[in-house]
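> Below: one structure in C-alpha cells.
No value in this document is a laboratory result; all are computed from the given coordinates. Note that the structure is a prediction, hence the values are computed from the model and not measured. Cβ sites come from the backbone with ideal geometry, for glycine too, and all protein chains shown count toward neighbours.
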Amino acid sequence: MSGKEHGEATSRRQGICGLNDNRAMNDWKFNTTTFYRNGILVLLLVSIALIVHNIFGPNGYLAARHQQKELQTLQQKILQLQQENAQLDKENRALKSDPAAIERKAREQMHLVKPGEKIYTLPDKAPANAPPPAAEQISPGP
C-alpha cells in the first residue's frame, strides 16, 4: 500500500466511525474526568446527607442526648418516689402499731387536744398573695 492509499483507507475508517482517533481519545478522557468528578460529588453529597441524618435524624445524636437526659430525669424521679414510698411505708407501720404515732398524727391533722390544753396557731411567714412589707427608702441627698 502506498502512502496515498493508506491515507484513503484511514479517511474511510474515520468516516465510518464519525470521529478521528485524536478526537475520540480526547472525548474519552473528558468523559472519564467528568465521570470521576461527578462520582466524587455524588459521594460527597451522600456523605453529607448521612452525617446530617446521623446528627439530626429521629434516632440521631441529638435525639439520643435528649433521651439520655430524659432517662436521667426519670431515674431521679424514680429514686425520689422510692424514698417517699419507703418513708410512707415506715409511717404506715408506725401508725398500725405505735399508739404515740397515732396520737401525734391526730393532733397534727385534726388539731385535737387533750382536756385542758390550748393550741396556739402562728401565721405563716409570708402569705402567698400579700405584698411584701414596704421598707423605708432613703433618697440620696443632693
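> Which loop chymotrypsin sites (Phe, Trp or Tyr not before Pro) in the range 35-122, with loop taken from DSSP, have no more than 12 other Cβ atoms within 10 angstrom of their Cβ?
Those that pass, being in a loop and sparsely packed, are Y120.
> Same structure again: Ordered by packing density, taken as the mean number of other Cβ atoms within 10 Å over each peptide's residues, highest first, how do 98-105, 111-118 rank?
For the peptides 98-105, 111-118, the packing ranking is 98-105, 111-118.
> Next up: Roughly how many nanometres apart are two label points built 7 Å out from the Cα toward the Cβ at V42 and N54?
2.2
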